[in-house]
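Okay, structure first, notes after.
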Amino acid sequence: MKITQKIRIAAILSLVLLNISCDQISKTVVRKTIEPYERIEVFKDNFVLTKVENTGAAYSMGSDLAPVLKILLLQILPVIVLFILLWQILIKTNYSKETIIGFTFIIGGGIGNLFDRIVYGSVTDFLILDLGILKTEIFNMADVSIMFGSLLVLISALFTKKDSFFREKQREL
């Protein structure tokens with residue numbers, strides 16, 4: 001393995017770990033300092049901290065599934081998908097930097113939420129934004145990573161001439 005390939009792999013894994021760490025540190029602080037459903041207005045009603053434990057996926061979807069289905073759909077399947085994505089960006093060298101960085105954010109955020117589901121049985125959500133036209137449901141830093149990474153991958157797929165994850169898959173069909 002060439003030194004540049006080792007550096008590339010180390011950079012990818014470092015970005016994934018950085019995303020996981022930011023998510024887990026923020027959730028640990030919230031778990032220790034904010035009571036469930038306590039409302040802390042950081043900036044009026046525009047930026048609010050609160051703590052909710054979500055036993056499902058986004059918007060609590062799947063929280064009422066049977067335990068076996070919940071484990072299959074919210075733990076096992078995400079582990080497989082995240083492993084495949086990580087494997088793809090580690091072994092394929094023709095993706096744009098933006099695509100690789102985007103996927104490291106998606107993978108890091110996904111692992112952060114997955115870790116919560118496996119270890120705590122729920123995902124800790126704690127942020128709410130209300131900027132008038134932009135009003136969010138409750139979310140966490142892993143969700144921010146996933147959304148930012150998704151946006152980066154989408155922009156890369158639309159505007160980068162280098163192969164994106166999607167263009168390469170189309171050629172294989």
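The values are calculated or read from the model by the stated rules, or taken from the named source; none is laboratory data. Not measured: the values here are computed from a predicted model. In this analysis, Cβ positions are derived from the backbone assuming ideal geometry, glycine residues included, and neighbour counts consider all displayed protein chains. Heads up: the accessible areas ignore ligands, DNA and RNA and are worked out on the full protein's heavy atoms, side chains in. Shrake-Rupley method; radii C 1.70, N 1.55, O 1.52, S 1.80 Å.
For the chain, modelled as a Gaussian network with Cα springs under 10 Å, which listed residue fluctuates most, PHE126, PHE47, PHE139?
PHE47
Once mean projected area of the Cα convex hull in nm² is worked out from the coordinates, which option in (i) 12.5; (ii) 11.6; (iii) 9.5 does it equal?
Of the labelled values, this structure produces (i).
Around MET147, under 13 Å between beta carbons, what's the net of Lys plus Arg minus Asp minus Glu among the other residues?
-3
With the contact rule set at Cα under 8 Å and sequence spacing of 6 or more, what percent relative contact order holds for the stretch 56-112?
Values: 22 pairs, mean separation 16.5, N = 57.
Relative contact order, the stretch 56-112: 29 percent.
Placing +1 on the Cβ of each Lys and Arg and -1 on the Cβ of each Asp and Glu in the chain, which of ILE3, ILE34, ILE146 has its Cα farthest towards the positive end of the resulting dipole?
Positive-most Cα among the choices belongs to ILE3.
With charges set only on the Cβ (+1 for Lys and Arg, -1 for Asp and Glu), what does the dipole of the chain come to about its Cα centre, in debye to the nearest 20?
Numbers: 19 positive and 16 negative charges, 186 e Å.
That gives a dipole near 900 debye.
Identify which of VAL48, VAL123, VAL29 has the largest mean-square fluctuation in a Gaussian network model of the chain, with springs joining Cα atoms closer than 10 Å.
Between VAL48, VAL123, VAL29, it is VAL29 that shows the largest mean-square fluctuation.
Roll a 1.4 Å probe over the protein chains and send me the accessible area per residue for the chain in Å². Before the final figure, lay out the partial values.
Working: 10690 Å² over 173 residues.
Accessible area per residue, the chain: 62 Å².
Say each of ILE76 and LYS44 gets a label point 7 Å from the Cα, pointing the same way as Cα to Cβ; how far apart are those two points in nm?
So the label points at ILE76 and LYS44 sit 5.0 nm apart.
Students often check this: by mean Cβ neighbours within 10 Å, which of 100-107, 140-147 ranks highest, and how do the rest follow?
On the way: 100-107: 24.0, 140-147: 22.2.
By packing density, highest mean first, the sequence is 100-107, 140-147.
Relative contact order for the chain: what percent, with Cα pairs under 8 Å and sequence separation of 6 or more? Before the final figure, lay out each step's value.
Values: 232 pairs, mean separation 48.1, N = 173.
Relative contact order here is 28 percent.
Take every DSSP beta bridge with both residues inside the chain and express the antiparallel ones as a percent of the total, to the nearest 5. Please report the intermediate quantities before stating the final value.
Working: 11 of 12 bridges.
Counting DSSP beta bridges with both partners in the chain, the antiparallel share is about 90 percent.
Past the 27 Å Cα-Cα mark, which pairs from LYS51/LYS97; LYS51/LYS135; LYS70/LYS97; LYS70/LYS92; LYS6/LYS27? Provide the component values of the computation, followed by the final result.
On the way: LYS51/LYS97 35 Å; LYS51/LYS135 17 Å; LYS70/LYS97 35 Å; LYS70/LYS92 32 Å; LYS6/LYS27 31 Å.
Those over the limit are LYS51/LYS97; LYS70/LYS97; LYS70/LYS92; LYS6/LYS27.
Do the sum for the chain: with -39,500 (n - 2.57) for every DSSP H run of n ≥ 4, divided by all residues, what is the mean residue ellipticity at 222 nm, to the nearest 500 deg cm²/dmol? Show your work: numbers first, answer last.
Working: 6 runs with 102 residues, N = 173.
Counting only the DSSP helices, I get -20000 deg cm²/dmol.
Compute the signed sum of charges (Lys and Arg +1, Asp and Glu -1) over the other residues within less than 14 Å, Cβ to Cβ, of THR33.
Working: positive: LYS27, ARG31, LYS32, ARG39, LYS51; negative: GLU35, GLU38.
Local charge sum for THR33: +3.
What helices does the chain have that are whole DSSP H segments, at least 18 Å long along their own axis by Cα, and with mean Kyte-Doolittle hydropathy of 1.0 or more? Write out the running numbers ahead of the final one.
Working: long enough: 3-33 (44 Å, 0.70); 77-91 (21 Å, 2.81); 97-120 (34 Å, 0.82); 141-159 (27 Å, 2.07).
Passing helices, by number: 77-91, 141-159.
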